[in-house]
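Trainee: To start, I am sharing the structure in question, which I have written as structure tokens.
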Amino acid sequence: MSTVSTSLIATEGLTRDFGGLRAVDHVDFSLEKGEVRAVIGPNGAGKTTFVSLLCGRIPPSEGRIRYEGRDITRLPAHRRVALGIAYTFQITSIFANLTLFDNVALPAQKHLSLHHPGGSIRDYGMAALERVGLADRAEEQAGNLSYGHQRLLEIAMGLAIHPRLLILDEPTQGLAEGEIARFEALVREVAQESTVLLIEHNMDVVMNLASRITVLNFGAILAEGTPEEIRANEAVQAAYLGG
Amino acid sequence: MDWSWFPFEMPHPALLWAGVLEGIVLSAVLALTALGLSLVFGVMRIVNVAHGEFYMLGAVLAYAVTSVIGGHPALGFTVALIVAPLLVGALAAASDWLVLKRLNYEPEATIVATIGMLYIIQQLSLEFFGPDARPVVAPFDWRIRLPWFGYSGYKFVVVGAAILLMIGVWVLMARTRIGLIMRATQFDREMASAFGIPVDRVFAGVFALGAGLAAIGAVLIVPVQQAHYLMGGDPLLLSFIVVIIGGLGSLKGTVVAALLIGLSDGIISTLFTPTLAKILATLLVAMVLVFRPQGLFGTRAA
Amino acid sequence: MHGGVIAALVVLGFVLPEYHHGAMARILVLAVFALGYNVLFGYTGLLSLGHAMFFAAGLYGTGLAMQQLGWSAAAALPFGIACGAALGLVVGVLALRTIGVGFMIVTLMFAQAGYLTSLYFTEYTRGDEGFTIPQAARAIGGLDLSNADTRYLVAVALFGVAMLLKLWLVRSPAGRVMVAIRENEERTRMLGFDPFRYKLMALVVSAAFAGAAGAAYGVLFGYVGATFASIQYSILPLLYVLLGGAGTVIGPLIGTVLMFYLVDFTSSLTSAYNLVVGVALVALILVARKGILGTIRDKWARWIP
């Protein structure tokens, strides 16, 4: 596998300490363009901390991050978004007091100002809402949506940036069965144009969507491979059953 | 030494000594007042902008009590020393219950509300006591002979009383069950509530205690300074400075900073004009908040 | 609708009795101050306790340029606005490193330092007593700004321009980002916007509005004094905006009118007239945080901007 030429984002010795606790421990990680990668691991394995380091919400204690060959370790989060890294929050973090349209208008505005100056915010925003099936409710207040719909709106905000790397932090948490099916279809569609990195607890979703899986435990990579390889890995089974 | 480069005239040594002594008296009262502000911030996590008005109210009530009670000045003063802080504390507890509790102690809303309280208390004092400065006679009158000048013995009593009160607060916080409850509430409000601590009453009590400390400080100083409805501004500003420089919510830092500010104010004001000293002090506080929010003496863990 | 407000204000100028005529001119200038405050507080969610320093920067910038340097009103007015904006930039770069309560206290302290500075340079500012700008100098291109009718119309024009500018700002892409920061700063950052940049922009715009109000006050009413730098004038715009409705375009004007007349009326009854300021602050924060227009918008008319 030629990691050098095609890797979209890669880390070397990435480490993050919180006080005395090491949440992420010297992680060497590489994600290829066009992949749908799932990050799994027991609670407290450092999954959210790891992706937060990737998108720049928190700075690392040690190590480096490269994105398309460029060192982005010290780049502030908002500049990374401009490079095409979008992050959707684990805890739904929409603008509850604003309309659905205003929620997606903001990332659409960002995308247009970067790549299509003069494009219509309304068209791009509405297109993002249409992809998650919420276009007909564009003028409603986002806080009035059901939880599942709020999760979808959160994803629509990520899509409206037209990211090259979309990081989804537990996107299906709290979704109903039917909503999960819809979400899986959405991710497959998005994967046509973006690389997807998702933290996921629902193993069915992971096995259905991921082309490769990375398993974190105690802040370090325990295993990495195709879904079949991970399913057969004894160390992973031990971590899940014993941890 | 050649002082000719120094842009200010060097004062006479006696004046400088007087400055140091005044500084110690100011430090003592300031430490009490700032301790009240610090306690409220530490436990309740709110900034009480009306703190200076509780101080003013203490002084004005001391005037009211001493002018009602005749006889020896010490009698009226002693009554005032007990009654004024109690009344001010009761008022503080009432305003906590009526206003702050209903705001859920939301930090920004609480500041706006306490600004409102500042106006209400100050303007009601103007309405009832008028715009004039009111004197209170010291409970006794003896002077201590020091080299160069005589000095009012009462001021030494102020310092002594302030030290005793601060030790009292420290014992209360560190050695009693009430203090333990307060510290538990400070540490984690929800957890304390889950363990059956009546957080509402603790908060009302802390707010009353904070206001009461300011009031005691004011009663102690009023024989030296006179009571006036606008007198709350300076102690508020100085307490802010002390609490911010000492580290928000830190008891030790508060006392050290009070000493530092009180002494330097006493000495600096003999060198600089008071206005310039205040400009520098306010800018210092702003800069400390911007660049070192944990205070000059505090550690980063808040 | 906003054109209607301005038209109504112009008509009012012809029908109001003399006393209210003068009072309204003053109110309109203070309303520009409140509009600016609202850009920062109502739309961006930053609560400053130091806006008096920006008003005073405009007032003293214009006043001292005319008094000490002999500038014309036409030159001193934009200079005053620039003073407000420049101070906003300096204070913003420092104060915006803090958030929430820290920001409130830092702005309060900077404003206090500003007030004390105006007292310190008494030789030029005449401190609390203040100084007057000679009537002869208060004219722009043949318009005598000390004339009551002219003054009123200039105040309406200033308010109109300020209101339209603000309307344009809050409907612009930058305005959308400001509101987003108010609602959820971290989410806004993760959508690729630099919160510091937008907050600084809001603060500078807000300070420029305050500076414009201060500069206009000096030129229109001819008085420059340290009272306008005191904490009172940091609290008043907050109160105007809270009362009228934070995050609404016309709310600050409504708040300014009501509060001005309330204080005016109370001061005829008692010397403790600032009591209404305190009561209004506590009452608003307790029961009506959205203010008059905000409450109306929520209950009946969602279309109000």
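The values are calculated or read from the model by the stated rules, or taken from the named source; none is laboratory data. Remember, it's a predicted structure, so these values are computed and weren't measured experimentally. Because the Cβ atoms are built from the backbone with ideal geometry, glycine has one as well, and the counts that use them run over all protein chains shown. When the accessible area is computed, the model is the full protein with side chains, heavy atoms only, and any ligands, DNA or RNA have been set aside. Shrake-Rupley method; radii C 1.70, N 1.55, O 1.52, S 1.80 Å.
Trainee: Please count how many residues of the stretch B:70-93 are surrounded by fewer than 20 Cβ atoms within 10 Å (Cβ to Cβ) and over 20 Å from the mean Cα position of the chain (by Cα).
Mentor: Residues that pass the stated criteria total 7.
Trainee: Would you confirm, using the coordinates I've provided, whether C:T150 is in contact with a strand residue (DSSP E or B) (Cβ under 7 Å, 6 or more places away or on another chain) and assigned to a helix (DSSP H, G or I)? I'd like the intermediate steps shown before the answer.
Mentor: On the way: in contact with a strand residue (DSSP E or B) (Cβ under 7 Å, 6 or more places away or on another chain): yes; assigned to a helix (DSSP H, G or I): yes.
So C:T150 passes the test.
Trainee: Filter the stretch A:84-98 down to the residues that are open to solvent by less than 30 Å² (accessible area, probe 1.4 Å) and of a type in the set (G, A, S), then identify the one that is nearest to the other protein chains (Cβ to nearest Cβ).
Mentor: A:S93
Trainee: Using the structure shown, decide if A:F183 is open to solvent by 60 Å² or more (accessible area, probe 1.4 Å) and at pLDDT 85 or above.
Mentor: The answer is no for A:F183.
Trainee: Within the stretch C:278-288, does at least one residue satisfy the condition of being more than 15 Å from the chain's Cα centre (by Cα), farther than 30 Å from B:W97 by Cβ and assigned to a loop (DSSP other than H, G, I, E, B)?
Mentor: No: the stretch C:278-288 contains no residue that is more than 15 Å from the chain's Cα centre (by Cα), farther than 30 Å from B:W97 by Cβ and assigned to a loop (DSSP other than H, G, I, E, B).
Trainee: Here's another thing I want to ask about it. Do we have any residue at all in the stretch C:288-304 that's within 14 Å of chain B (Cβ to nearest Cβ) and over 28 Å from C:G92 (Cα atoms)?
Mentor: yes
Trainee: Among the candidates A:G44, A:G63, A:G34, A:G13, which residue alone is farther than 30 Å from A:Q141 by Cβ and without any contact (Cβ under 8 Å) to a residue 12 or more places away in the chain? So that I can check it myself, show each step before the final result.
Mentor: Numbers: A:G63 fails: without any contact (Cβ under 8 Å) to a residue 12 or more places away in the chain; A:G34 fails: without any contact (Cβ under 8 Å) to a residue 12 or more places away in the chain; A:G13 fails: without any contact (Cβ under 8 Å) to a residue 12 or more places away in the chain.
Only one candidate passes the filter, namely A:G44.
Trainee: Can we say C:L243 is modelled with pLDDT of 85 or more and either more than 13 Å from the chain's Cα centre (by Cα) or more than 29 Å from C:L59 (Cβ to Cβ) (or both)?
Mentor: Here the answer is yes, as C:L243 does meet what is asked.
Trainee: To continue, here is another question. Of these, C:G58, C:G3, C:G84, C:G36, which one is touching a Ser or Thr at 6+ places or on another chain (Cβ under 6 Å) and away from chain B (no Cβ under 14 Å)?
Mentor: Sole residue among the options that is touching a Ser or Thr at 6+ places or on another chain (Cβ under 6 Å) and away from chain B (no Cβ under 14 Å): C:G36.
Trainee: Just to be sure I understand, how many residues within the stretch A:136-179 are open to solvent by 20 Å² or more (accessible area, probe 1.4 Å) and part of a helix (DSSP H, G or I)?
Mentor: Qualifying residue count for the region: 10.
Trainee: While we're looking at this one, here's another question. Select, from C:A229, C:A272, the only residue that is buried (at least 21 other Cβ atoms within 10 Å of the Cβ) and in contact (Cβ under 8 Å) with a residue 12 or more places away in the chain.
Mentor: C:A229
Trainee: Might you check whether a residue that is within 12 Å of chain C (Cβ to nearest Cβ) and open to solvent by 50 Å² or more (accessible area, probe 1.4 Å) occurs anywhere in the stretch B:134-150?
Mentor: The answer is no; no qualifying residue exists.
Rundown of residues vs (1) among the acidic types (D, E); (2) in contact with a Lys or Arg (Cβ under 9 Å, 6 or more places away or on another chain); (3) within 14 Å of chain C (Cβ to nearest Cβ), yes/no style:
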{"site": "A:E32", "(1), (2), (3)": "yes, yes, no"}
{"site": "A:R64", "(1), (2), (3)": "no, no, no"}
{"site": "A:D71", "(1), (2), (3)": "yes, yes, no"}
{"site": "A:R79", "(1), (2), (3)": "no, no, yes"}
{"site": "A:L112", "(1), (2), (3)": "no, no, yes"}
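Trainee: Would it be correct to say that B:L209 is closer than 25 Å to B:P85 by Cβ, part of a helix (DSSP H, G or I) and under 15 Å from the mean Cα position of the chain (by Cα)?
Mentor: So B:L209 passes the test.
Trainee: Here is a follow-up. Do any helices (runs of 4 or more DSSP H) entirely within the stretch C:162-258 hold 3 or more residues that are within 14 Å of chain A (Cβ to nearest Cβ) and more than 28 Å from C:Q112 (Cβ to Cβ), and if so, which?
Mentor: Of the helices (runs of 4 or more DSSP H) lying wholly inside the stretch C:162-258, those with at least 3 residues that are within 14 Å of chain A (Cβ to nearest Cβ) and more than 28 Å from C:Q112 (Cβ to Cβ) span C:173-183, C:185-189.
Trainee: Something else about it: Tell me yes or no: at least one residue of the stretch C:112-124 is within 10 Å of chain B (Cβ to nearest Cβ), modelled with pLDDT under 90 and not in a helix (DSSP H, G or I).
Mentor: Scanning the stretch C:112-124, I find at least one residue that is within 10 Å of chain B (Cβ to nearest Cβ), modelled with pLDDT under 90 and not in a helix (DSSP H, G or I), so the answer is yes.
Trainee: Checking B:L124 against (1) among the hydrophobic types (A, V, I, L, M, F, W, C); (2) more than 9 Å from chain C (Cβ to nearest Cβ); (3) open to solvent by 60 Å² or more (accessible area, probe 1.4 Å), only one condition comes out false. Which one?
Mentor: Only one criterion in (1) among the hydrophobic types (A, V, I, L, M, F, W, C); (2) more than 9 Å from chain C (Cβ to nearest Cβ); (3) open to solvent by 60 Å² or more (accessible area, probe 1.4 Å) is unmet by B:L124, namely (2).
Trainee: Related question: Every residue in the stretch B:226-259 that is among the hydrophobic types (A, V, I, L, M, F, W, C), open to solvent by 40 Å² or more (accessible area, probe 1.4 Å) and assigned to a helix (DSSP H, G or I), please.
Mentor: Of all residues in the stretch B:226-259, those among the hydrophobic types (A, V, I, L, M, F, W, C) come to B:227, B:230-231, B:236-238, B:240-245, B:248, B:251, B:255-259.
Narrowing further to those that are open to solvent by 40 Å² or more (accessible area, probe 1.4 Å): B:230, B:248, B:251, B:255-256, B:259.
Scanning the stretch B:226-259 gives B:L251, B:V255, B:V256, B:L259.
Trainee: Cβ-Cβ distance below 9 Å, separation of 6 or more or different chains: which pairs start in the stretch C:152-174 with a residue that is touching a residue at least 24 places away in the same chain (Cβ under 8 Å) and end on one that is among the hydroxyl-bearing types (S, T, Y)?
Mentor: Short answer, once both residue conditions are applied: C:K166/C:Y43; C:L169/C:Y43; C:V170/C:Y43; C:A174/C:Y198.
Trainee: Here's something else I'd like to know. Only one of these is outside any loop (DSSP other than H, G, I, E, B) and either among the polar types (S, T, N, Q) or more than 9 Å from chain B (Cβ to nearest Cβ) (or both): C:G127, C:G102, C:G92. Name it.
Mentor: On inspection, the qualifying residue turns out to be C:G92.
Trainee: List every residue pair whose Cβ atoms sit under 6 Å apart, with the two residues 6 or more apart in sequence or on different chains, where the first one lies in the stretch B:67-82 and is closer than 22 Å to B:W142 by Cβ and the second, anywhere, is modelled with pLDDT under 80 and of a type in the set (A, V, I, L, M).
Mentor: Sorted first by the residue in the stretch B:67-82, then by its partner, the pairs are B:P73/B:V137.
Trainee: A further question on this structure: Looking for whichever is buried (at least 22 other Cβ atoms within 10 Å of the Cβ) and in a strand (DSSP E or B) here; the options are A:V104, A:V81, A:V39. Which one fits?
Mentor: Details: A:V104 fails: in a strand (DSSP E or B); A:V81 fails: in a strand (DSSP E or B).
None of the other options fit; the residue is A:V39.
Trainee: Can A:I65 be described as in contact with a strand residue (DSSP E or B) (Cβ under 9 Å, 6 or more places away or on another chain), open to solvent by less than 10 Å² (accessible area, probe 1.4 Å) and more than 30 Å from C:A180 (Cα to Cα)? I'd like the intermediate steps shown before the answer.
Mentor: On the way: in contact with a strand residue (DSSP E or B) (Cβ under 9 Å, 6 or more places away or on another chain): yes; open to solvent by less than 10 Å² (accessible area, probe 1.4 Å): yes; more than 30 Å from C:A180 (Cα to Cα): no.
For A:I65, the condition - in contact with a strand residue (DSSP E or B) (Cβ under 9 Å, 6 or more places away or on another chain), open to solvent by less than 10 Å² (accessible area, probe 1.4 Å) and more than 30 Å from C:A180 (Cα to Cα) - is not met.
Trainee: Can you tell which of A:P163, A:P227 is out of contact with any Leu (no Cβ under 6 Å at 6 or more places or on another chain), closer than 25 Å to A:T99 by Cβ and not aliphatic (A, V, I, L, M)?
Mentor: Numbers: A:P227 fails: closer than 25 Å to A:T99 by Cβ.
On inspection, the qualifying residue turns out to be A:P163.
Trainee: May I pose another question? Go through the stretch C:269-283 and report how many residues are at the interface with chain B (Cβ under 7 Å from one of its Cβ atoms) and among the hydrophobic types (A, V, I, L, M, F, W, C).
Mentor: Qualifying residue count for the region: 6.
Trainee: Oh, and also: Out of the residues in the stretch C:29-60 that are open to solvent by 10 Å² or more (accessible area, probe 1.4 Å) and among the hydroxyl-bearing types (S, T, Y), state the one that is nearest to C:L203 (Cα to Cα).
Mentor: C:Y43
Trainee: Taking only the stretch A:107-135 into account, find how many residues are assigned to a helix (DSSP H, G or I) and either touching a residue at least 40 places away in the same chain (Cβ under 8 Å) or acidic (D, E) (or both).
Mentor: 8
Trainee: What is the one condition in (1) touching a Ser or Thr at 6+ places or on another chain (Cβ under 9 Å); (2) of a type in the set (S, T, Y); (3) part of a helix (DSSP H, G or I) that C:S48 does not satisfy?
Mentor: Here C:S48 meets the rest and fails (3).
Trainee: Confirm whether A:I199 is farther than 15 Å from A:P42 by Cα and crowded, with 17+ Cβ neighbours inside 10 Å.
Mentor: Spelling it out, it is not the case that A:I199 is farther than 15 Å from A:P42 by Cα and crowded, with 17+ Cβ neighbours inside 10 Å.
Trainee: On to the next question. Test A:D123 against the stated conditions and say whether it is among the charged types (D, E, K, R) and facing chain C (nearest Cβ under 10 Å).
Mentor: Taking the combined requirement at face value, the residue does not satisfy it.
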